[in-house]
Amino acid sequence: MSKVLVLYYSTYGHLETMAQAVAEGARSAGAHVDVKRVPETVPEDVARAAYFKLDQAAPVASVAELADYDAIIVGAPTRFGRMPAQMTAFLDQAGGLWARGALNGKVGAAFTATASQHGGQEVTLFSIITNLLHFGMTIVGLPYSHQGQMALDQIVGGSPYGATTITGGQGQRQPSEIELEGARHQGKLVAQTANKLFG
């Protein structure tokens, strides 16, 4: 079966939770799944003062190991409608992989979080997807087969471009079950696609 990497950056733990749900979905399709995070670039004293969640269990990834996977699902919160500097800095180091086409034809996907419903979720997803397309990857989104993103009776994330969650301005809202189900659904679709291509 395929080998899938869920690669994420999470400041306060919301994307960490979503990453685990994405991984559950990929595993349900029989894929071997690793969950890793990118390095924190904020100085530790500054991060602690801002209450960053620094005790995350996922190991820190290296750029070189990206080539070892059949699929890479990238998750990062929005920073003014695009990827945060931590994820950008990590992906910017992948020029060598790009130059030799090491990621061409692999499967890619994106997921994100914003404080509000209109905080730039889809633009952030596209900022991630754009990077993955430049790497030559085949993109899998979150189609409307995940009907939860159509809900009107509650606040809910989700987009045809990827799974999302809404955190609240103070980070007080955790991913809902509908949002986690969207993450699982996308992870499963990515793994199924990778299984067909590489399994």
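Every number in this text was worked out from the coordinates using simple rules, so none of it is lab data. Given the structure is predicted, the values throughout are model-derived calculations rather than measurements. When we count neighbours, we look across all protein chains shown, and the Cβ atoms used for this are built from the backbone with ideal geometry, even at glycine.
Quick look at the numbers
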item: Cα gyration tensor shape for the range 88-173, rounded if a/c is under 1.5, else prolate or oblate; result: oblate
item: Gaussian network model of the chain, springs between alpha carbon atoms under 10 Å - residue of His14, His118, His185 with greatest fluctuation; result: His118
item: DSSP bridge pairs, the chain: antiparallel proportion in percent, nearest 5; result: 10 percent
item: Span-like helix ranges in the chain, DSSP H, alpha carbon extent 27 angstrom or more, Kyte mean at least -1.0; result: 177-198
item: Residue with peak Gaussian network fluctuation, the chain [Cα springs, cutoff 10 Å], from Val123, Val33, Val22; result: Val123
item: Proximal charge balance of Phe198 [Cβ under 14 Å; K/R count +1, D/E count -1]; result: +1
item: The range 1-75 pair-distance distribution - Cα-Cα, 10 Å bins, rounded %; result: 19, 49, 25, 7, 0
item: Rough spin-label spacing in nm, given labels placed 7 Å along Cα→Cβ, for Arg173 and Ser62; result: 4.0 nm
item: Mean Cβ count within 10 Å, highest first, over the residues of peptides 124-136, 58-70; result: 124-136, 58-70
item: Ser159 long-range amide H proximity, modeled H, under 5 Å; result: Thr164
item: Inter-probe distance in nm under a simple model that places probes 7 Å from Cα toward Cβ, at Arg48 and Ser145; result: 4.7 nm
item: Under 13 Å from Lys53, Cα to Cα: aspartates and glutamates that are on another chain or at least 8 residues apart; result: Glu16, Glu40, Glu44, Asp45
item: Top positive-direction residue, dipole computed over the chain with Cβ charges, set Asn104, Gly168, Val46; result: Asn104
item: The chain - convex hull of the alpha-carbon atoms, volume per residue in Å³; result: 102 Å³
item: Candidates Glu181, Glu40, Glu16: whichever shows maximal mean-square fluctuation once the chain is modelled as a Gaussian network with Cα springs under 10 Å; result: Glu40
item: Total formal charge among the other residues, if their Cβ is under 11 angstrom from that of Tyr69, Lys/Arg +1 and Asp/Glu -1; result: -1
item: Burial ranking of peptide ranges 141-151, 100-110 (average Cβ count within 10 Å, highest at the top); result: 100-110, 141-151
item: Residue (of Tyr69, Tyr12, Pro84) at the positive-pole extreme of the chain, dipole from beta-carbon charges; result: Tyr69
